[in-house]
Every structure is written in C-alpha cells, then in structure tokens.
Amino acid sequence: MSRLPILALAAMALVLTSCAKQADITQITVQRIFGECRSAGAGARNPDGECEIITGLLDQFQRENPDIRLKVNIAAWPGYDQLSAQFAAGDPPDLVTMHMSAISDYQSRGLIEPMGPGLESVGVDPAAFTRAAREGVTKNGQVWGLPFDNWAPLWHVNLNQFRQAGLVRDGQPILPTSADELLIQARQFKAATGKPYLVQAMANETASYTRNLYTWLMTQDAAFFPDPKHIKLTTPEAHRIVALLKQMYDENLTTKDQDYPAATSGFMNGDGGVYLVGTWMIGTFEAESHTPGRPLSNGYAVMPYPRLFGTRDAAYVDGHAWVVPHRERTPAQRAAVYRLVRFLADHDYDWSRTGHLPAMQAVIDSPRFKALPHRQAIAPLATIGQTLPPQVQRQFAIQDIIGDEMASAITGRKPIDTALADAERRVNDLLFHLL
C-alpha cells in the first residue's frame, strides 16, 4: 500500500475520533448577573464578592464535569432586558439567575418551567429550603426555581460614632424600638457627632424607600396587597412610616442628594451612623473594619431593621434564584442543567460568603456559617423574612413607582396623603393593564 492512502486513513480516523469526543460533550447556556471580574487584577478582587464566587463556582463545575460545556453569558444587572430579547428571538438560556420578585412575571406567561420534578430527579428537596427561600420560589403550589439566597435591607452601623454618641451597650449598638425613640436617638447622635444619623442613597435608589415601607407595613401586619391586582397605601399604617422618614429629612438627620456610590463611600468615610443598604455589603464593610485608621476600623456592626411600628417581627426580603426557561432541550441537556442545579444547591455555603442569607436551612444551622462575621445577627431573617404575595407581578416597576412618590412626600414636593394616593392609583393602574 502506498504511503498516501495510509496517511489519508489516519487523518480520517483522527477526524472520526474527534467527532466522537465532541458528541460526548453536552453544551448548555448559563446566564447570570453579578458582573465580570476576570479582567480585574488579583489585588482588585474580593474573595467574598458575588462575581468572584459565582465565577469560581462555575469554573469548578466545568472542571469536575468535563462532559458538559458551559456557555456563560454575563448580563448587565438586573438582566431582564437581555432575557426578554432572548425570549423574543426564541433562544433563551438553559439556566438563568432571576430575582424571586420577578419570577411571577415569567411564570404567569409560561416562559419558565416548574422545577419540582427536575429537583427531585437530582435529590434536591424543597423541604430543605429555608421558609423565606421556599416562599420566594413557590407559586400556585409549584416550585419554579432553585433558591440561591435571600437578601434584605439591613442597618449597617458605624459603632465608633455610636460610641461617641453614647449609643453602645456591651459592645452592641443601642437601636430604637419605636419611631419616637428613633428621633430621640438620631438627635442625640447628631448633637454628639455633628453627623446625620442615617446614610441613604436618595438620588437614584428610591426603591429603597419602598423596601423600608414594606418592612414596617409587615411589622404592623398590614394587608397592603389585599389581592395580587390591588395595593392599598392610603392607610394610617403607611402614613406614619412616611411621616417618620420625612421628619428625619426635615431635621437633617439623614444624608441628602447622594447616589448609591456616594452614599456607600460616604458611610465608609464616616459621613453618618447607619447606612440602609443590603446584605451584599457586609463583606466590604467588614474588610473596612479591619483597615487601620479608617472610620469603621474596629467599629462595624450590622443587624436587621429594628421594629419601630407594630408588634410583629417581620422584614421584607427578596432573593436570587435559578430558573429554567422553556425551550427545546435534548435529554442530555436537561440532565446537564439539573446536574448544575444540584451542584449550586450543594455549594450554598460558598455563596453565603457574599453576605446573602443561605437558601438551605442546613447551611443556616451550620457552625461554619455561624462562624462567618455577623451572620448570627442576621440569621433571624431566614425565619422572619417575608416576600410579597407570590402572584404579584411587576414588582420591580411597583418598587420604582412607590419609591418615586415617597421621595416626593419626604422631600416636601407633595403632601404625604397625596403621594400615597398617587402611588396607590399608579400601581393599581399598572396591575389593571397587565396582559
């Protein structure tokens, strides 16, 4: 036999072997938020950051599962413009991060799959979720996502300034137990430090006003969503919350006109005593507390919102989940999706290092979670945390509407009752016109 046919046969065998190897690999598309951090230098990376942890987890899954190829899309926060465009094009990802508050928008339109059978196939039992996490992904008795965490607004406290104001006892901040007590303590704080008591991102984060309202309505046991298509805000319970926040504003007991970056850096630079922001900032502020010479050095604490109104322990929470969009998949692709889902469930502790609350009760109860900084202080949120009623749609838009009207009332552009009536009307109009 001549040399040429032998080489041709060898080349053909190599091609066939390569094709066989490719056929053994299943590709799925994963879409996530949380930013891009591979390009950051090692010194700029936060080992407990959302981006760093999710990037590391997906890389680890890829290494441990060479028969699956992950195509990872990174969407700009919150990710829904890109996802909607993909649905419109008929090419959604196989697995995507979604806020629990957005699940009803997609579930009600048949755009995502119920995940109960798939979770069962890989041994993930929803009974293992925390109560708050389970409620966040359950609609009409079915589970529509793998909960990844719960997050909530928190009171991040500059203990050094609280000590200066005489508001520390046994190493812990003295927090108010009523609206009147908040005003008394805030005035005492300002007199002692010359700083406002609250730090708030009022310029571009008015949705945070809404989350404040939700939490303190929940502590008053107010049924402000009597049904999924109507909100009720023209109530004494809502009025007293907005009135308190307006008085804090009028007395200069809060920072003003700061956007989110300015408020965050301002708190780290000692601009005020309590920063109202979420669980995701715990790691950043804890690291700052270990930096000598900084305003938070050896002086940082964090806890859930104090109950200023009502008699019920409650807190508004949202969370991140993984959902499975409706699309055609091979059995191998479906199996790959749920193998990744099981991996993410098994690594719930790793994700909890971000500061978010674990979705798994066993992680909440574990010694290693409790050993993380400040986690025992916020762990009650897994029990007292409460989402909005599960069938309420357009929750992001609702937050923006209410926050916009609350800002108008707090800054004096509208009377409180007018702003609440306008918020109620605008939200109900939005919900009435849902397709």
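The values are calculated or read from the model by the stated rules, or taken from the named source; none is laboratory data. Nothing here was measured: the structure is a model prediction, and the numbers come from that model. So basically every Cβ, Gly included, is an ideal-geometry build from the backbone, and we count neighbours across all protein chains shown.
Look through Leu233, Leu175, Leu244, Leu213 and report the one residue that is in contact with a Pro (Cβ under 7 Å, 6 or more places away or on another chain), over 17 Å from Pro295 (Cα atoms), at pLDDT 95 or above and surrounded by 17 or more Cβ atoms within 10 Å (Cβ to Cβ). Outline the logic, then answer.
Details: Leu233 fails: in contact with a Pro (Cβ under 7 Å, 6 or more places away or on another chain); Leu244 fails: in contact with a Pro (Cβ under 7 Å, 6 or more places away or on another chain); Leu213 fails: in contact with a Pro (Cβ under 7 Å, 6 or more places away or on another chain).
None of the others qualify; the one that does is Leu175.
Please go through (1) in contact (Cβ under 8 Å) with a residue 60 or more places away in the chain; (2) touching a Pro at 6+ places or on another chain (Cβ under 8 Å) for Arg134 and return the number of the only condition it doesn't satisfy.
So the condition that Arg134 fails would be (1).
Has segment 87-97 got at least one residue that is surrounded by 21 or more Cβ atoms within 10 Å (Cβ to Cβ), in a helix (DSSP H, G or I), in contact (Cβ under 8 Å) with a residue 12 or more places away in the chain and not assigned by TED's automatic domain parsing to the domain that holds Ala207?
Step one: filter segment 87-97 for residues surrounded by 21 or more Cβ atoms within 10 Å (Cβ to Cβ), giving 92-93, 95-97.
Applying the additional criterion that residues be in a helix (DSSP H, G or I) yields none.
The answer is no, given that none of the residues of segment 87-97 is surrounded by 21 or more Cβ atoms within 10 Å (Cβ to Cβ), in a helix (DSSP H, G or I), in contact (Cβ under 8 Å) with a residue 12 or more places away in the chain and not assigned by TED's automatic domain parsing to the domain that holds Ala207.
This table checks each residue for (1) buried (at least 23 other Cβ atoms within 10 Å of the Cβ); (2) touching a residue at least 24 places away in the same chain (Cβ under 8 Å); (3) not β-branched (Val, Ile, Thr).
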| site | (1), (2), (3) |
| --- | --- |
| Ala207 | no, yes, yes |
| Ala238 | yes, yes, yes |
| Gln258 | no, yes, yes |
| Tyr275 | yes, yes, yes |
| Trp280 | no, yes, yes |
| Thr291 | no, no, no |
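Could you go through segment 116-127 and let me know if any residue there is among the small types (Gly, Ala, Ser), within 30 Å of Tyr305 (Cα to Cα) and free of Cβ contacts under 8 Å to residues at least 24 places away in the same chain. Before the answer, list the steps.
Initial filter on segment 116-127 (among the small types (Gly, Ala, Ser)): 116, 118, 121, 123, 127.
When the remaining residues are screened for being within 30 Å of Tyr305 (Cα to Cα), the result is 127.
In the following step, the residues that additionally are free of Cβ contacts under 8 Å to residues at least 24 places away in the same chain were identified as 127.
Scanning segment 116-127, I find at least one residue that is among the small types (Gly, Ala, Ser), within 30 Å of Tyr305 (Cα to Cα) and free of Cβ contacts under 8 Å to residues at least 24 places away in the same chain, so the answer is yes.
Are any of the residues in segment 331-340 crowded, with 18+ Cβ neighbours inside 10 Å and either touching a helix residue (DSSP H, G or I) at 6+ places or on another chain (Cβ under 7 Å) or without any contact (Cβ under 8 Å) to a residue 40 or more places away in the chain (or both)?
Yes, the conditions are met somewhere in segment 331-340.
Could you check segment 268-373 for helices (runs of 4 or more DSSP H) lying wholly inside it with 1 or more residues that are not assigned by TED's automatic domain parsing to the domain that holds Gln188? Lay out the reasoning, then the answer.
Working: elements: 282-289, 331-346, 348-352, 361-364, 367-370.
Result: 331-346, 348-352, 361-364, 367-370.
Are any residues in segment 77-120 aliphatic (A, V, I, L, M) and under 14 Å from Asn140 (Cβ atoms), and if so, which ones?
Going residue by residue through segment 77-120, those that are aliphatic (A, V, I, L, M) are 83, 85, 88-89, 95-96, 98, 100, 102-103, 111-112, 115, 119.
Matches in segment 77-120: Ile103, Ile112, Met115.
If you scan segment 105-147, which residues turn out to be outside any helix (DSSP H, G or I) and either touching a Gly at 6+ places or on another chain (Cβ under 7 Å) or among the acidic types (Asp, Glu) (or both)? Lay out the reasoning, then the answer.
First, pick out the residues of segment 105-147 that are outside any helix (DSSP H, G or I): 108-115, 122-125, 129-130, 138-147.
Hits for segment 105-147 are Glu113, Met115, Asp125, Gln142, Val143, Pro147.
Determine, yes or no, whether Pro117 is in the same structural domain as Tyr338 (by TED's automatic domain parsing), at pLDDT 95 or above and either touching a Lys or Arg at 6+ places or on another chain (Cβ under 8 Å) or crowded, with 23+ Cβ neighbours inside 10 Å (or both).
Working: in the same structural domain as Tyr338 (by TED's automatic domain parsing): yes; at pLDDT 95 or above: yes; either touching a Lys or Arg at 6+ places or on another chain (Cβ under 8 Å) or crowded, with 23+ Cβ neighbours inside 10 Å (or both): no.
Answer is no for this residue.
Restricting attention to segment 140-160, report how many residues are under 19 Å from the mean Cα position of the chain (by Cα) and more than 14 Å from Phe129 (Cβ to Cβ).
Qualifying residue count for the region: 6.
Count, please, the residues in segment 71-115 that happen to be charged (D, E, K, R) and touching a helix residue (DSSP H, G or I) at 6+ places or on another chain (Cβ under 7 Å).
Start the filter on segment 71-115 by keeping residues that are charged (D, E, K, R), which leaves 71, 81, 91, 94, 105, 109, 113.
Applying the additional criterion that residues be touching a helix residue (DSSP H, G or I) at 6+ places or on another chain (Cβ under 7 Å) yields 94.
Number of matching residues: 1.
Restricted to segment 2-43, and to residues that are of a type in the set (Gly, Ala, Ser), modelled with pLDDT of 55 or more and closer than 30 Å to Ala75 by Cα, which residue is surrounded by the most Cβ atoms within 10 Å (Cβ to Cβ)?
Restricting to residues being of a type in the set (Gly, Ala, Ser), modelled with pLDDT of 55 or more and closer than 30 Å to Ala75 by Cα, the top hit is Gly35.
Quick one: Ala382 ticks every box in (1) within 24 Å of Arg312 (Cβ to Cβ); (2) not in a helix (DSSP H, G or I) except a single one, so which number is it?
Here Ala382 clears every test but (2).
Looking at Gln376 and the list (1) surrounded by 15 or more Cβ atoms within 10 Å (Cβ to Cβ); (2) part of a helix (DSSP H, G or I); (3) in contact with a helix residue (DSSP H, G or I) (Cβ under 6 Å, 6 or more places away or on another chain), which single condition is not satisfied?
Every condition holds for Gln376 apart from (1).
For the list (1) at pLDDT 95 or above; (2) buried (at least 18 other Cβ atoms within 10 Å of the Cβ), I need the number of the one condition that Met202 fails.
(1)
How many residues are assigned to a loop (DSSP other than H, G, I, E, B) and touching a strand residue (DSSP E or B) at 6+ places or on another chain (Cβ under 6 Å) when one looks only at segment 198-209?
Keep residues of segment 198-209 that are assigned to a loop (DSSP other than H, G, I, E, B), which gives 200-206.
Keeping just the survivors that are touching a strand residue (DSSP E or B) at 6+ places or on another chain (Cβ under 6 Å) gives 200.
Residues flagged as assigned to a loop (DSSP other than H, G, I, E, B) and touching a strand residue (DSSP E or B) at 6+ places or on another chain (Cβ under 6 Å) within segment 198-209 amount to 1.
Go through (1) out of contact with any Leu (no Cβ under 9 Å at 6 or more places or on another chain); (2) crowded, with 16+ Cβ neighbours inside 10 Å and name the single condition Pro66 misses.
Going through (1) out of contact with any Leu (no Cβ under 9 Å at 6 or more places or on another chain); (2) crowded, with 16+ Cβ neighbours inside 10 Å one by one, Pro66 breaks only (2).
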